[in-house]
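The numbers here are math on the coordinates, done by the rules we state, and not lab data. None of these values were measured; they are calculated from a predicted model. Here Cβ is always computed from backbone atoms with ideal geometry, including for glycine, and neighbour counts include all displayed protein chains.
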Amino acid sequence: MLTIALGAYETFPTDQYGKSAAGWRPGLTDHQVYESGRGRWKLGARANSERYALFTAKGIVVLAVEINSIGAPDADGRRTITGTVLQPGDPVYDKYVGEDPPVGRSQNPIQYIETPFDRTECACGCGNANPPGRTFVPGHDQKALHERVAKVGGVAAFLHWFDQTWTGEAVGATTTDGAE
Ligand SMILES: [Zn+2]
């Protein structure tokens, strides 16, 4: 998850990027915070795989956005986020908005945190993005498992091989997927 710390609110004549405000102050609508906050940040490659952005100001999370895209860098390397402003009832909104920022203070307004809401890649190795909170693209856990069973020579051969091989200790983390 991407977090962006906003400074004090300021307005200015519309610039060449169509931007006429930056920062945050009390009383802004969500749309005003989105418009003043989404633009013109130095965002590296890591941002491309982020699913959500939180905007913080004065020690509080003031806006949560589900990222649809992050634009190509402007001439000065700065990029602008396009996304959907989240509302109460969305799990990310409910967890973060109005709460303390999930990051410490930093000189850099851009920080990244790992959360259960982040986009992850399917654990089968196909490279596709998982649905929120899942470890596999639906069906890929079964497919990956049965491909391995087939490689060993079928279920009976797999069980024999497994019992010969397993040391009795689990490997890797348990996951929350229900289909396992
Ligand atoms: Zn997969």
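Hey, does the stretch 113-122 have a residue that's within 14 Å of the ligand (Cβ to nearest atom), surrounded by 13 or more Cβ atoms within 10 Å (Cβ to Cβ) and hydrophobic (A, V, I, L, M, F, W, C)? Within the stretch 113-122, one or more residues are within 14 Å of the ligand (Cβ to nearest atom), surrounded by 13 or more Cβ atoms within 10 Å (Cβ to Cβ) and hydrophobic (A, V, I, L, M, F, W, C). Check the stretch 59-70 and report whether any residue there is part of a loop (DSSP other than H, G, I, E, B) and touching a residue at least 12 places away in the same chain (Cβ under 8 Å). Yes, the stretch 59-70 contains a residue that is part of a loop (DSSP other than H, G, I, E, B) and touching a residue at least 12 places away in the same chain (Cβ under 8 Å). Evaluation of GLY127 against the conditions (1) touching a residue at least 24 places away in the same chain (Cβ under 8 Å); (2) within 16 Å of the ligand (Cβ to nearest atom); (3) closer than 23 Å to ARG46 by Cα shows that the sole unmet condition is (1).
Summed over the stretch 23-54, residues that are without any contact (Cβ under 8 Å) to a residue 12 or more places away in the chain, within 24 Å of GLY98 (Cα to Cα) and either loosely packed, with under 13 Cβ neighbours inside 10 Å or among the basic types (Lys, Arg) (or both) total 3. Within the stretch 1-22, residues that are without any contact (Cβ under 8 Å) to a residue 12 or more places away in the chain and more than 20 Å from ILE110 (Cα to Cα) reach partners that are of a type in the set (A, V, I, L, M, F, W, C) and in a loop (DSSP other than H, G, I, E, B) with beta carbons closer than 8 Å, at six or more positions or on different chains, in the pairs SER20/PHE12. Give the residues of the stretch 46-58 that are assigned to a helix (DSSP H, G or I) and in contact with a Lys or Arg (Cβ under 7 Å, 6 or more places away or on another chain), sorted by residue number. Across the stretch 46-58, the qualifying residue is only SER49.
Taken over the stretch 142-153, the criterion of being of a type outside the set (Val, Ile, Thr) and more than 8 Å from the ligand (Cβ to nearest atom) is satisfied by GLN142, LEU145, HIS146, GLU147, ARG148, ALA150, LYS151, GLY153.
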